[in-house]
Amino acid sequence: MYYVYMLKCADGSLYTGYTNDLQKRVGVHNSGRGAKYTKSRLPVRLVYSEEHESKSSALKREAEIKKLTRSQKEKLIQKQLQIN
């Protein structure tokens with residue numbers, strides 16, 4: 001299983017990525033070893049995730065989400081909060 005996720009950084013910005021171990025990846029980000037972008041914006045908090053059957057579909061969805069506007073990303077986050 002693969003996951004596409006969004007993190008909210010300490011400065012309020014959003015970071016999108018993919019992984020096959022969501023909890024471990026968030027921990028790696030918060031340790032400062034996750035990505036250059038998040039390293040200077042700690043701590044980060046998981047605000048959105050989706051499951052995907054394959055790496056290729058996760059990568060495709062990650063690219064789609066990265067093209068969204070901030071407003072569209074926030075709508076995705078709100079929609080998931082309403083479901084959970």
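Bear in mind that the values in this text are calculations on the coordinates, not laboratory data. Only a predicted model underlies this, so the values are computations on that prediction, with no experimental measurement involved. Backbone-built Cβ (ideal geometry, glycine too); neighbour counts: all protein chains shown.
Restricting the calculation to Cα atoms, the chain yields a radius of gyration followed by a Dmax of 12.1, 32 Å.
What you get for the chain, charging only the Cβ of Lys and Arg (+1) and of Asp and Glu (-1), is a dipole of about 320 debye around the Cα centre. Normalised by the number of residues in the chain, the average gap of Cα pairs under 8 Å and 6 or more apart makes the relative contact order 34 percent. What nm value, rounded to one decimal, do you get for the distance between R70 and E51 when each label is placed 7 Å out toward the C-beta? It works out to 3.3 nm between the two label points.
Please give the length that would be gained between Y37 and D21 if that part of the chain were fully extended, namely 0.36 nm times their separation in residues minus their C-alpha to C-alpha distance (nm, one decimal). Provide the component values of the computation, followed by the final result.
Numbers: separation 16, 0.36 × 16 = 5.76 nm, distance 1.95 nm.
Between Y37 and D21, full extension yields an extra 3.8 nm.
Would you mind putting 63-71, 33-41 in packing order, based on average other-beta-carbon counts within 10 Å, highest first?
With the highest mean Cβ count within 10 Å placed first, the list reads 33-41, 63-71.
For K75, the aspartates and glutamates whose Cα comes closer than 15 Å to its Cα, not counting residues fewer than 8 places off in the same chain, are E50, E64.
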